Amino acid sequence: MSVTKITTKEFDQMVQAAAVVLKNNAEFINSLNVFPVPDGDTGTNMNLSFASGAKYVAASSTTKIGEQAQALAKGLLMGARGNSGVILSQIFRGFSKDVADKTTLSTVDFAEAITAGAKTAYQSVMKPTEGTILTVIRYAANAGQRTAEKTDNLSEVADEIAKAADLALQKTPDLLPVLKQVGVVDSGGQGLVFVLQAFADVLNQRQPSNDVRAKFNVESNKMDQLVNQDHHESAQGQLNPADIVYGYCTQMTVRFGKGKAADKKFDYDIFYNYLAPLGDSLLVINDDEVAKVHVHTEQPGKVLAWGQQFGDLVNIKIDNMRDQQATIMETDATDQPKQQPEKSEQPRDLAIIAIVTGQGMEKLFRSVGVTSIISGGQTMNPSTEDIVKAVNQSHAKQALVLPNNKNIFLAAEQAEKLTDIPMKVVHTKTIPQGLTAMFSLNPEASLVTNQKNMDSSLEMVKSGQLTAAVRDTQINGFDIKKGQYMGIIDGEIQVISDELDVAATKTVKKMLDADSENVTIIYGQGASEQDAKQIEEFALKQDSELEVEIHQGDQPVYPLIVAVE
């Protein structure tokens, strides 16, 4: 077939199709995470980012492609989550600027817009890395330009763009050695391939392919609806967090037969009947390859361990519902104008906004001077719009934001351009860095000076994180088995052990040196105060003059976080 122009009708169809395909394949994209830790969230970030853009496009009634593309770019920018979501937003920012005055798009227009998107994406990253989503969009753009010189058939151009993107994706392991070492392609690049393939499918009047990896998506969507309804009903009757009987909302996807611990053949009744006594609100859906599970329980570890006997686990999510309910109650109280009449009248000079997860972690950061919290971090990166709203609602004259996660940097930096008040990002990659930065804050200094001083202070702290591997892999010279505990020091895996306490003490030993003075231990989900005290005892045996603090953080993903200064 031959299509010679893209109108707003086709463009809307392209965007909505891409949004659906990203949603259907978010879990697969997440599984391409390089590190075998339960924080792969590229698929989730790209899905939510593009869904925001699609929503803006759907709400647009324009008949001009230029205005429609601007709506997409705006929606993507506001909804951008994580580095992958921000880069995706920059691709379509460049696209939209290039077509700003267009009513429809020809082959040349479309190819040039993709090229403009590639250039903008590269310019948005301080140090562009090949073997990533950037490589994929560059290959796609070059193919579009070449094909547009030969034909005015948009369906053909779109197909060549998608093919080139996929070819580039397959080459990413050759360009980024860590991908080849782990045996995956770049996750952000994979997400972009899904988008460009959806565009090509629409222009060729093909049914967009959702990939076999998402074949139980209909059932998954039903589960999501049931989970949302169940959570809504659960929240209505819970006036006090202490009233919640089963406090951890636990979700996982089990991939049958994969992983070293898988020694059971899946039987729905056996699988379901074991989980049923562990809590309530239990939902299990499955096909021949995977089972998706949701349950409210007090024993999330037992749920995960049961799932591992049938296969490896992906898309693990554990939420502390008591913490969530407490936050809702605090928010409801804050929303009552009679209780806080002074805040809008007496704006503070400086707001310090930290992005953390866990009730204990929130209390810890507030205790060192943070004024506002955005709930988020690993597996739940806040969007650019989330950060903008927090800053604008801070009742302050200016603001500093502590991401505490490098995957939130780009979204936070985008927010700087959109807030109503001056805002700067302190580039904290970890929780320990966030705490250290707060001790360099000078309320009398300027915003820029504080940002520079706090950024400079980050070199004073070493960050250690303990977590369990979610799959077998070989990386950085380690042969890691699923379920083993990893000690990650400043972003690098340096310790592997079958036992959490052994991994923790080995990690601390590597972090300590002759200049170490302070050790902070934060225990979260999957660890206890006793675990933290054992680490304290070990550290003091290494150096009796160390000052050691222990805090309960309630954080997910990392049972133990350790800071050494």
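The values are calculated or read from the model by the stated rules, or taken from the named source; none is laboratory data. Just so it is clear, the model here is predicted, and its values are computed rather than measured. Positions of Cβ are backbone-derived with ideal geometry, glycine not excepted, and every protein chain shown enters the neighbour counts.
When you scan region 416-428, how many residues do you find that are out of contact with any Asp or Glu (no Cβ under 8 Å at 6 or more places or on another chain), in contact (Cβ under 8 Å) with a residue 24 or more places away in the chain and either under 26 Å from PRO128 (Cβ atoms) or assigned by TED's automatic domain parsing to the domain that holds GLY85 (or both)?
The total comes to 2.
Please work out which residue is nearest to the chain's Cα centre (by Cα), limiting yourself to region 360-389 and to residues that are of a type in the set (S, T, N, Q) and modelled with pLDDT of 90 or more.
SER383
Looking only at region 440-455, decide whether some residue is part of a strand (DSSP E or B) and out of contact with any Cys (no Cβ under 8 Å at 6 or more places or on another chain). It would help to see each step written out before you state the result.
Narrowing region 440-455 to residues part of a strand (DSSP E or B): none.
Checking region 440-455: not a single residue is part of a strand (DSSP E or B) and out of contact with any Cys (no Cβ under 8 Å at 6 or more places or on another chain).
Residues are listed down the side, and each one gets a yes or a no for (1) among the small types (Gly, Ala, Ser); (2) closer than 30 Å to SER31 by Cα:
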residue	(1), (2)
ALA354	yes, yes
LYS397	no, no
VAL401	no, yes
ASN407	no, yes
ALA411	yes, yes
ILE431	no, yes
LEU458	no, no
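So that you can scan it fast, the table gives a plain yes or no per residue for (1) under 28 Å from GLY358 (Cβ atoms); (2) surrounded by fewer than 17 Cβ atoms within 10 Å (Cβ to Cβ):
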position: TYR268; (1), (2): no, yes
position: TYR272; (1), (2): no, yes
position: ASP280; (1), (2): yes, yes
position: VAL293; (1), (2): yes, no
position: VAL303; (1), (2): yes, no
position: GLN309; (1), (2): no, yes
position: ASP312; (1), (2): yes, no
position: ILE316; (1), (2): yes, no
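Quick one: in region 128-176, of everything that is without any contact (Cβ under 8 Å) to a residue 60 or more places away in the chain, hydroxyl-bearing (Ser, Thr, Tyr) and touching a Leu at 6+ places or on another chain (Cβ under 9 Å), which residue is nearest to GLU112 (Cα to Cα)?
Looking at the filtered set, the residue picked out is TYR139.
Would you point out the residue of region 458-482, among those that are small (Gly, Ala, Ser) and modelled with pLDDT of 90 or more, that is surrounded by the most Cβ atoms within 10 Å (Cβ to Cβ)? Steps first, answer last, please.
So in region 458-482, the residues small (Gly, Ala, Ser) come out as 463-464, 468-469, 477.
Now drop any that are not modelled with pLDDT of 90 or more, which leaves 463-464, 468.
Numbers: SER463: 24, GLY464: 27, ALA468: 20.
Among them, the one singled out is GLY464.
I need a count of the residues in region 506-562 that are among the basic types (Lys, Arg) and closer than 17 Å to ILE488 by Cβ. Explain how you work it out, then say what you get.
Initial filter on region 506-562 (among the basic types (Lys, Arg)): 506, 509-510, 533, 541.
Subset that is closer than 17 Å to ILE488 by Cβ: 506, 509-510.
The number of residues fulfilling the criteria is 3.
Of these, ASP280, ASP269, which one is out of contact with any helix residue (DSSP H, G or I) (no Cβ under 8 Å at 6 or more places or on another chain) and in a helix (DSSP H, G or I)? Spell out how you get there, then give the answer.
On the way: ASP280 fails: in a helix (DSSP H, G or I).
Sole residue among the options that is out of contact with any helix residue (DSSP H, G or I) (no Cβ under 8 Å at 6 or more places or on another chain) and in a helix (DSSP H, G or I): ASP269.
Just name the residue that is nearest to LYS510 (Cα to Cα) out of those in region 453-467 that are without any contact (Cβ under 8 Å) to a residue 40 or more places away in the chain, of a type outside the set (Ser, Thr, Tyr) and in contact with a helix residue (DSSP H, G or I) (Cβ under 8 Å, 6 or more places away or on another chain). Break it down stepwise before answering.
Within region 453-467, the first condition is being without any contact (Cβ under 8 Å) to a residue 40 or more places away in the chain, and the residues that meet it are 453, 455-459.
If we keep only those that are of a type outside the set (Ser, Thr, Tyr) as well, we get 453, 455, 458-459.
With in contact with a helix residue (DSSP H, G or I) (Cβ under 8 Å, 6 or more places away or on another chain) added as a condition, the list becomes 455, 458.
Numbers: ASP455: 24, LEU458: 19 Å.
Selected residue: LEU458.
If a residue has to be more than 20 Å from GLN308 (Cα to Cα) and part of a loop (DSSP other than H, G, I, E, B) to count, how many in region 463-477 make the cut?
2
If you take just the helices (runs of 4 or more DSSP H) that sit entirely in region 87-199, which of them hold at least 2 residues that are more than 25 Å from the chain's Cα centre (by Cα), modelled with pLDDT of 95 or more and in the same structural domain as SER31 (by TED's automatic domain parsing)? Before you say what the answer is, go through the steps one by one.
Working: elements: 107-124, 133-148, 154-175, 177-182.
Filter on region 87-199 gives 107-124, 133-148, 154-175.
Considering region 387-410 alone, what residues qualify as being buried (at least 23 other Cβ atoms within 10 Å of the Cβ) and in contact with an Asp or Glu (Cβ under 8 Å, 6 or more places away or on another chain)?
Across region 387-410, the qualifying residue is only VAL391.
Give THR63, THR8 a once-over and let me know the one that is of a type in the set (Ser, Thr, Tyr), within 18 Å of PHE199 (Cβ to Cβ) and surrounded by fewer than 23 Cβ atoms within 10 Å (Cβ to Cβ).
Numbers: THR63 fails: within 18 Å of PHE199 (Cβ to Cβ).
Checking each option against the conditions leaves just THR8.
Would you point out which residue out of ASP455, ASP479, ASP420, ASP472 is of a type in the set (Asp, Glu) and closer than 23 Å to PRO556 by Cα?
Details: ASP455 fails: closer than 23 Å to PRO556 by Cα; ASP479 fails: closer than 23 Å to PRO556 by Cα; ASP420 fails: closer than 23 Å to PRO556 by Cα.
Unique residue meeting the criteria: ASP472.
Can we say ILE421 is in contact with a Lys or Arg (Cβ under 7 Å, 6 or more places away or on another chain) and either at pLDDT 95 or above or among the hydroxyl-bearing types (Ser, Thr, Tyr) (or both)? Please lay out each step first, then the result.
Values: in contact with a Lys or Arg (Cβ under 7 Å, 6 or more places away or on another chain): yes; either at pLDDT 95 or above or among the hydroxyl-bearing types (Ser, Thr, Tyr) (or both): yes.
So ILE421 passes the test.
Looking at region 374-393, is at least one residue out of contact with any Gly (no Cβ under 9 Å at 6 or more places or on another chain), within 24 Å of GLU529 (Cα to Cα), without any contact (Cβ under 8 Å) to a residue 40 or more places away in the chain and not in a helix (DSSP H, G or I)?
Yes, region 374-393 contains at least one residue that is out of contact with any Gly (no Cβ under 9 Å at 6 or more places or on another chain), within 24 Å of GLU529 (Cα to Cα), without any contact (Cβ under 8 Å) to a residue 40 or more places away in the chain and not in a helix (DSSP H, G or I).
Any residue at all in region 66-75 that's in a helix (DSSP H, G or I) and under 22 Å from THR172 (Cβ atoms)?
Taking region 66-75 first, the residues in a helix (DSSP H, G or I) are 66-75.
Within this subset, residues satisfying the condition of being under 22 Å from THR172 (Cβ atoms) are none.
No, every residue in region 66-75 fails to be in a helix (DSSP H, G or I) and under 22 Å from THR172 (Cβ atoms).
Name every residue in region 363-383 that is buried (at least 18 other Cβ atoms within 10 Å of the Cβ) and either under 24 Å from SER446 (Cα atoms) or among the basic types (Lys, Arg) (or both), in order of residue number. Break it down into steps so the answer makes sense when it comes.
Here is the first cut: in region 363-383, the ones buried (at least 18 other Cβ atoms within 10 Å of the Cβ) are 364-365, 370, 372-374, 376-383.
PHE365, VAL370, SER372, ILE373, ILE374 - these are the residues of region 363-383 that are buried (at least 18 other Cβ atoms within 10 Å of the Cβ) and either under 24 Å from SER446 (Cα atoms) or among the basic types (Lys, Arg) (or both).
Take LEU77 and decide whether it is in the same structural domain as GLU156 (by TED's automatic domain parsing), over 15 Å from ALA198 (Cβ atoms), touching a residue at least 24 places away in the same chain (Cβ under 8 Å) and surrounded by fewer than 24 Cβ atoms within 10 Å (Cβ to Cβ).
Considered against the rule, which asks whether it is in the same structural domain as GLU156 (by TED's automatic domain parsing), over 15 Å from ALA198 (Cβ atoms), touching a residue at least 24 places away in the same chain (Cβ under 8 Å) and surrounded by fewer than 24 Cβ atoms within 10 Å (Cβ to Cβ), LEU77 comes out as no.
Return the residue satisfying two criteria in turn: it lies in region 285-306 and is closer than 20 Å to PHE28 by Cβ and either at pLDDT below 80 or of a type in the set (Ser, Thr, Tyr) (or both), and of such residues it is farthest from the chain's Cα centre (by Cα).
ASP288
Has region 334-356 got at least one residue that is at pLDDT below 90, over 30 Å from THR253 (Cα atoms), in a helix (DSSP H, G or I) and not assigned by TED's automatic domain parsing to the domain that holds ILE522? It would help to see each step written out before you state the result.
Taking region 334-356 first, the residues at pLDDT below 90 are 334-348.
Checking the rest, the ones that are also over 30 Å from THR253 (Cα atoms) come to 334-348.
Next cut, in a helix (DSSP H, G or I) only: 334.
Next, only the ones that are not assigned by TED's automatic domain parsing to the domain that holds ILE522 stay: 334.
Yes, some residue in region 334-356 is at pLDDT below 90, over 30 Å from THR253 (Cα atoms), in a helix (DSSP H, G or I) and not assigned by TED's automatic domain parsing to the domain that holds ILE522.
Could you go through region 11-23 and let me know if any residue there is buried (at least 24 other Cβ atoms within 10 Å of the Cβ) and of a type in the set (S, T, N, Q).
no
Can you name the residue in region 411-426 that is part of a loop (DSSP other than H, G, I, E, B) and touching a Leu at 6+ places or on another chain (Cβ under 7 Å) and is also surrounded by the most Cβ atoms within 10 Å (Cβ to Cβ) among such residues? I'd like the intermediate steps shown before the answer.
Start the filter on region 411-426 by keeping residues that are part of a loop (DSSP other than H, G, I, E, B), which leaves 417-422, 426.
Checking which are touching a Leu at 6+ places or on another chain (Cβ under 7 Å) leaves us with 422, 426.
Working: PRO422: 15, VAL426: 27.
The selected residue is VAL426.
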